[in-house]
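Right, one structure below, let's go through it.
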Amino acid sequence: PWFTFVNNRICPYGHRAWLTLLELGILFEEKECTIKAGHKEPWFTEIYQKALGANDGSDGKVPVIDDDGFILTESAVIAEYLASKYGPSVGKDLITVSPQEKAFATIFLEQHAQQYTKYFYALLKEQDPEKAKTS
């Protein structure tokens, strides 16, 4: 694997980075963690707190990647990082080249992401009722 991807499949934000990984077709080691407050594994909190983008005082949120010691959190930033770093080496350009297209995509995400996220999260929780109880 090229790097470690820490995630919880119930989290819709983690899916953004995970879908980028699938689209790029790159190898990674996935580590599943608990995202319920007060129940997060110490190893997860430790790696999260070292991540660029981590919130002070937080015990962690997903996703997190560790790319040879460069630890990063925040799903949108991770997706862009992966596309920039690995896209050219696998022959896939996932980042729009036109400034107008990038502006359009950013506006769309800013205006609509929150609206869709709550429904997507509900759908994900229904896929595994046991995880829904603990998340």
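The values are calculated or read from the model by the stated rules, or taken from the named source; none is laboratory data. Note that the structure is a prediction, hence the values are computed from the model and not measured. So basically every Cβ, Gly included, is an ideal-geometry build from the backbone, and we count neighbours across all protein chains shown. Accessible surface areas use protein heavy atoms only, side chains included; no ligands, DNA or RNA. Shrake-Rupley method; radii C 1.70, N 1.55, O 1.52, S 1.80 Å.
Which whole-percent values make up P(r) of the chain when all C-alpha to C-alpha distances are grouped in 5 Å steps starting at zero?
That works out to 2, 10, 18, 22, 20, 17, 9, 3, 1, in percent per bin.
For the chain, what relative contact order do you get, as a whole percent, if you take Cα pairs closer than 8 Å and at least 6 residues apart? Display every interim value, and only then the final one.
Values: 179 pairs, mean separation 37.7, N = 135.
Over the chain, the number comes to 28 percent.
Got a number for carbon plus sulfur as a percent of the chain's accessible area, 1.4 Å probe?
Ligands and nucleic acids excluded, carbon and sulfur reach 57 percent.
For the chain, what is the accessible area per residue in Å² when the probe is 1.4 Å?
Details: 8250 Å² over 135 residues.
On a per-residue basis, 61 Å².
Counting other Cβ atoms within 10 Å of each Cβ, which trypsin sites (Lys or Arg not before Pro) in segment 75-125 have at most 16 and sit in a DSSP loop?
In loop regions of segment 75-125 (DSSP not H, G, I, E or B), the sparsely surrounded trypsin sites (Lys or Arg not before Pro) are Lys92.
If you build a Gaussian network model of the chain, linking Cα atoms that sit under 10 Å apart, which residue out of Gln115, Gln49, Gln100 swings the most?
So, out of Gln115, Gln49, Gln100, the one fluctuating most is Gln100.
Indicate, rounded to the nearest 5 percent, the antiparallel portion of the DSSP beta bridges found entirely in the chain.
Of all bridge pairs located within the chain, approximately 60 percent are antiparallel.
Is there a pair in Lys31/Lys85; Lys50/Lys85; Lys40/Lys92; Lys40/Lys118 whose C-alpha atoms are over 24 Å apart, and which pairs would that be?
Lys40/Lys92
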